[in-house]
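Computed from the coordinates by the stated procedures, all read-outs in this text should not be read as laboratory data. As the structure is a prediction and not an experimental result, all values here were calculated from the model. As a convention, Cβ positions derive from the backbone with ideal geometry for all residues, glycine included, and neighbour counts pool all protein chains shown.
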Amino acid sequence: MEVDQQNAENEKERQELKQAYGRLFKTDDGKTVLKDLESFCGFLKTSTNVDFNPYYVMFAEGKRRVFLRIHSMINKENKNA
């Protein structure tokens, strides 16, 4: 029973977090910040570079992953609305 209760609490926290992302990025300021992050994080760019530097690729993918997380949370929130 304790595991079921913990799972229910975790799911509630996840839903609240998704809703918070949605509320934040639905505002005019949130939309402006999201557009800036999309550009800064290289969401629509390839992560490779001319020299094929693996460290650069890992760094670029890390930035891109942050935006993907935000984008995913916003889309999940919108689907549940």
Listed values (1) 7.2; (2) 5.1; (3) 6.2, entry calculated as mean projected area of the Cα convex hull in nm²: (1)
Label-point gap, in nm, between residue 50 and residue 26 - each point 7 angstrom along Cα→Cβ: 4.6 nm
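May I ask you to derive the FRET efficiency for residue 4 and residue 68 from their Cβ-Cβ distance with R0 = 41 Å, giving the value to the nearest 0.05?
Numbers: r = 31 Å, r/R0 = 0.76.
FRET efficiency, residue 4 to residue 68: 0.85.
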Potential extension, residue 11-residue 33 segment - 0.36 nm per residue separation minus Cα distance: 5.2 nm
Under-17-angstrom lysine pairs by C-alpha in the chain, whenever the two are 8 or more apart or on separate chains: 13
